[in-house]
Each structure stands twice: as C-alpha cells, then as structure tokens.
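Notes follow once the structure below has been shown.
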Amino acid sequence: MKDSDFLGDAARAARWIESYRRRVAALPVLPRVQPGEIEALLPADPPDEPGSLASLLAEMDEIIVPGLTHWNHPGFMAYFCSSTTDAGVLAEFLAAELNQNAMLWRTSPAGTELERKVVDWIRRFVVLPEAFEGLILDTASTSSFTALLAARERAVPGVRQSGLSGRAGLGPCTVYVSSEAHSSVHKSALAAGMGLEQVRSIPVDDALRMIPDELEQALSRDREAGDTPVMVCATIGTTSTTAVDPVSEIAGVCSRHGVWLHVDAAYAGPAASLPEKRKLFDGWERADSIVLNPHKWMSTPIDCSVLLYRDAGAMREPLSLTPEYLRSEEDGTNLMDIGLSLGRRFRALKLWFQFRLEGAQAMRARLRSHIAQADRVAKWIETDPRFELVAPHPFSLVVFRAVPPDGIEGDEWNRGLLESVNRRGQVFLSHTKVGGRYVIRIAVGSARGTDEAVREAWQALQEEYDRLAEAY
Ligand SMILES: Cc1ncc(COP(=O)(O)O)c(C=O)c1O
C-alpha cells in the first residue's frame, strides 16, 4: 500500500463504515455460520504480494461480515451493551497512527497526562471524592485482578518478595463475593494463586443482594480458623440481573475487619452520574478500589476499563519493577508501575474524544433514554399474562420469564422461546438462571439502539410465544 493512497483509502474505509452502518440493521444479529467456516474461506499461506484496499474491503463484505455477531446492531440486546459512537471510532483511527505506548511518562508525556486527566473526568462524572485516582486498563477482569494483587500485598506484606508458597504460619488467603458476582473475580483469585476454594460465596437475599451479616460471619469464622481475608468484592449491577449489593453496610463490615473493599461497577458505573440513581451507589466512595467499564454502558469502543483507587502506593507495591533499560530521570507518572502489562494502548484518546465531542450532558441523556426503554419493556412484561418479571430492573437490563402454557415445563419453554426469537435474526437476547430457573435477559443500552428495535424485540417475544403455543 503506497503512502500516496492514504487519503483515498481513508475515504474508502470511511465510506465502507458508512455503508455498513446503513446495512447493519437488516443483517441477522447472530451470523448464520458454522464453526470453521470463516477460517476455511481464508488462504492457508499469508499473501506474498500487496493488495488494494478496494479488494480487501470487498473481502470484508464477502468473508468477514457474514461471520460477524453485530454488537452495533440495534437488535443486539444479549450481553451488556458494548457499542460505539463516532467519537470513539475516530479516536481509535487516530490512536493507531500516533501509536503511543505510555509505559513511562517519557515514552508518552501526552498519553500519560491525558490518561490521568480523563480518568479524573470519569471520577468527576460519576461523582467520587478527589481521593480517588486511577488508570485505564483493557477489561474489568484485568482491573479486578490488579486490585486483588494490591489487596493481597496489603493483607500479606512481602508477597512480592517472598511469594505466597511455603510461608510459615500463613493460612489460605480468602476472597469474598456474593453468589451473584462475576466470574472475573474468581479468575482473579485463580491467577493470584489463591485457588477457587478460597473464594467465599456469600449468600444473597430475595433481591439477589449480598447479605452483610453473612459476610461478617464468614470473615469472623475464617479469621478464627487462621485464614487471611484479602478482599471483599461488592457488585453494583451484577451480570445476571443488575442486582446491587448494599455497599454501605459492606464497607462497614470491611472496615471492622480491616479488609480491602473492591467495587465491581463494570457495567452500571456510568449511571452514578445520574442524581436519580445515586442511591444505588451509596457507600461506594468508601471502597479501596472501583472498576467501571466505559466499553460497556458508556458506548466507548472495546477495550476501555477504568480502575479507580485511593492508595496509589498500595497499587504500585505488587508489580512495580524497573529494569535498567527503563530507568528515567523525570518524576512524571510511569503508568507501567501499576498492573502487569508494560506496553499500553492509547485508550485515553477515545475518552477524551467522547467528552469533547459528545459532552457529559449528552452522555447522561443517553443513559436516561436506555433506562426509560428498559422501564417500558418491564411495563409491557408486567401487563402481559404470558410473561413475568423475575428481578428488579434498576438500570437498563430486564430479566423475565415466559409463563408456559399448562402442562409444559418452564425451563424448557423459556429455552425454546429464546432460541426461536434469536433464530429470527433481528434481535439477540440471552439467558441466565435466577433461583435455579432459566430466565431471559433483555439488555438495552446501546448507542445504536432505538425505541423501534426495543419494540420489535418485544413483538418477537410475543409472536414466538404464540407460534410455539399453537405448535404444542
Ligand atoms: C459486573 C461485571 N463485572 C465484570 C465483567 C467482566 O468484564 P470484562 O469483559 O471487561 O473483563 C462483566 C462482564 O460483563 C460484568 O458484567
């Protein structure tokens, strides 16, 4: 590809994006391909000769698009929304050209300082105290893992030097989550060498919220048995149902037991910017660390996870390590000191572009429109005897169940209904289990979503219900 083609090719790529946007709503959200099909269409050997962008874009249409699950489709309501806006798309384009790697301040002064600034804008957006600072990582899984390592170092000083194994008098290091918590916390415990068995699953109440008394008892029991409690992770907006743990009470328990409190608000975090939702975030300002993902409900292109923490020293403790070739004299922030990766993408640019091109007011308005859409879906469900809500819907996810016709088993009926709806192609919903029962999730919250798409999803559910009932 010659340099002189760049402007023409950039225009070609932009036109391709524009045409994809016009087409996407008419494509099936879930691709109709079998495993291995896309791979088989691609050559075994890497091409030797250069090709034109025009022919490559044609291959995008022929090979790649038919194999895409369209996360930017208005009917994508399966997993927590991960959508994009112009601001993020343009920022990713420019970031690739600039190719910044802000491992040290010296390797990207602007990348480092923009990251510090936009993280602080996020902090202000979600109204957390100035005591919090942070950085941008790829995913909530990495953010929670990074927090866990800091918590572990605090609970067991010197792990970075001596490791965990073979330390006399050290019992199991334990982590506490509700039974509804995301598996990324369990994975973090695995990666940190603590072991799945040391992840204590604290029971939840009827609203699927961690029970603080149960947490208190578990911590006391474990301490008495010689275990070392390392971290409690409370969730604001669980993956299954968006349940909200009582963070304030949990923070009280953590402070009595001297245990690190991490808050997983990966999905729901941005809603803290809405005064009418603030109650749900009560107490999160007492956390030691908090994760929220702009690449979920803030419509920032994946990946972008913001980890906020109170004690930067504690965050640096587990992993900062500077070999000779990375020593530098400046006293600017070296972002590589926190977390595992040395190299890091210029993710700050897309948050900057979003705040600058969209503005916080529009971002809040978008969140409100998603919440209104979810409220409408919940009303439709409540007033239709064929369906029932199975959990509260404080944000933009609605979890419900179809009431089966007489004589039909409920789980089987809901599974069949979900499959039929997804097979139609215009909408993609997902499932979870609540109280052991199979239930359906409809997750609105995409920047590309529309009122019409939400109505169509509801209509698809009703029509497929009736069609299946007739066939029985
Ligand atoms: C509450 C919660 N925490 C953590 C995660 C993990 O997110 P990531 O894919 O960014 O690691 C998810 C993913 O949906 C989530 O819903």
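What follows draws every value from the coordinates through simple rules; no lab data is involved. Fair warning: this is a prediction, and the values are worked out from it, not measured in the lab. Every residue, glycine among them, receives a Cβ derived from its backbone with ideal geometry; neighbour counts consider all protein chains shown.
Evaluate the charge dipole of the chain about its Cα centre and quote only its size in Debye, nearest 20, assuming +1 on the Cβ of each Lys and Arg and -1 on the Cβ of each Asp and Glu.
820 debye
Using a Förster distance of 41 angstrom, determine the FRET efficiency expected from the C-beta separation of Ser341 and Glu59, and round it to 0.05. Walk me through the intermediate numbers first.
On the way: r = 32 Å, r/R0 = 0.78.
Once rounded, the FRET efficiency stands at 0.80.
Would you work out which of Val24, Ala131, Pro318 lies farthest towards the positive end of the dipole of the chain, given +1 charges on the beta-carbon of Lys and Arg and -1 on that of Asp and Glu, about the Cα centre?
Ala131
So for region 57-132, averaging the separation of alpha carbon pairs under 8 Å that are six or more residues apart and normalising by length, what relative contact order in percent results?
Reported as a whole number, the value is 11 percent.
Sorted by average packing, counted as other Cβ atoms within 10 angstrom per residue and highest first, what order do 408-415, 87-94 take? Provide the component values of the computation, followed by the final result.
Values: 408-415: 14.6, 87-94: 18.2.
Top to bottom by mean Cβ count within 10 Å: 87-94, 408-415.
Glu49 to Ala360: extension gain in nm, 0.36 nm per residue of separation minus the Cα-Cα distance? Kindly include the intermediate steps, with their values, before the conclusion.
Values: separation 311, 0.36 × 311 = 111.96 nm, distance 4.69 nm.
So the extension gain works out to 107.3 nm.
Once the principal axes of the Cα atoms of region 93-357 are found, what is the range along each, listed largest first in whole angstroms?
So the three principal-axis extents are 53, 48, 27 Å.
Under the √(5λ) rule applied to the eigenvalues of the Cα gyration tensor, what semi-axes describe the equivalent ellipsoid of region 360-471? Give them in Å, descending.
Semi-axis lengths for region 360-471 are 26, 15, 12 Å.
Please compare each pair in Lys117/Lys187; Lys117/Lys296; Lys296/Lys433; Lys277/Lys350; Lys379/Lys433 to a cut-off of 28 Å on the Cα-Cα distance and tell me which ones are over it.
Pairs exceeding 28 Å: Lys117/Lys187.
Using only Cα atoms, figure out Rg for the chain and give it as a multiple of 2.2 N^0.38 Å.
Here the Cα radius of gyration is 1.05 times the empirical estimate.
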